[in-house]
1. What does the extension gain come out to for ARG30 and ASN70, with contour length at 0.36 nm per residue minus their alpha carbon separation?
2. Rounded to a whole number, what % of the accessible area of the range 42-130 do carbon and sulfur atoms account for, probe 1.4 Å?
3. Once phi is turned into ³J(HN,Hα) by the Karplus curve 6.51 cos²θ - 1.76 cosθ + 1.60 with θ = phi - 60°, what whole-Hz value does each residue of the range 80-95 show in order, with x for glycine and proline?
4. What ranking, highest mean first, results for peptides 87-97, 3-13, 42-52, 132-142 when packing means the other Cβ atoms within 10 Å averaged over each residue?
5. Would you please put 69-77, 119-127 in order of how densely packed they are, using the mean number of other Cβ atoms within 10 angstrom per residue and starting with the highest?
6. Obtain the nm distance between the two label points defined at ASP16 and ALA116 by a simple spin-label model: each point lies 7 Å from its Cα along the Cα-to-C-beta direction.
7. Determine which lysines satisfy two conditions relative to LYS15: a Cα distance under 30 Å, and not lying fewer than 8 residues away in the same chain.
8. Does anything in the range 64-106 have its amide N under 15 Å from the 7 Å Cα→Cβ label point of VAL40, and if so which residues?
Amino acid sequence: MAKYKLSRKKNPQKKDEPGKWYAIPSTVNRLDTRSVCKTVTRNTTTAPTEAESTFNLVVDGIPHEVQLGNSVQLGRLGWIRLSFGSEGVEDITQFDAASMIKNVKVVFTPSKELMAEIKNGLTFENVGVVEEGFTFPSTRSYLEYKETGKLPAQGGTGTDPDDGETTEPGEDETENPLA
């Protein structure tokens, strides 16, 4: 079950309005490569160390291919490609790639097959409400706080929803136009 928290986001163009509530992903665990390899090889004749070695070989080869301008397919997982932006110039002869190309990133695009498998049977569970840097353990505790002004005795944290703890590294949150 996918976990989420509710967080209020204000529309910068409507500063006088309180904003709307949006679901933000909440990561339960971060699995390292060794753990994933143990899981995926569980009912196979492949040893987890073999899978991990193969995975590391693939990772070793990706940077060179991406630097050459190639988009790299990783089987049924998806594609990896390079993305960047740049400063603009009026005169084309004034463009200097070394100093003007900015925001270099690697973009991962999951395959349609992988996305379909992830979405198949997906359900969601609310694990809290975030407001002004405080995480309430449930919608009920948030509503009680709003009514009584008393913080919950346990379960709340002082984590900021924008500190990276609620999303996976590299995750793109641009789907929400107000974020």
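1. Result for the pair: 11.5 nm of gain on full extension.
2. 56 percent
3. Values, residue by residue: 10, 8, 8, 9, 6, x, 7, 6, x, 9, 6, 9, 4, 6, 8, 6 Hz.
4. 132-142, 3-13, 42-52, 87-97
5. Details: 69-77: 12.8, 119-127: 9.9.
Ranked by mean Cβ neighbours within 10 Å, highest first: 69-77, 119-127.
6. Simple spin-label model gives 5.0 nm for this pair.
7. Filter leaves LYS3, LYS5, LYS146, LYS150.
8. Residues 73-80 fall inside that zone.
The values are calculated or read from the model by the stated rules, or taken from the named source; none is laboratory data. Being a predicted model, the structure only gives us computed values, none of them experimental. Note that we place each Cβ from the backbone using ideal geometry, even for glycine, and neighbour counts take in every protein chain shown. What goes into the accessible areas is simple: the full protein's heavy atoms, side chains included, and nothing from ligands, DNA or RNA. Shrake-Rupley method; radii C 1.70, N 1.55, O 1.52, S 1.80 Å.
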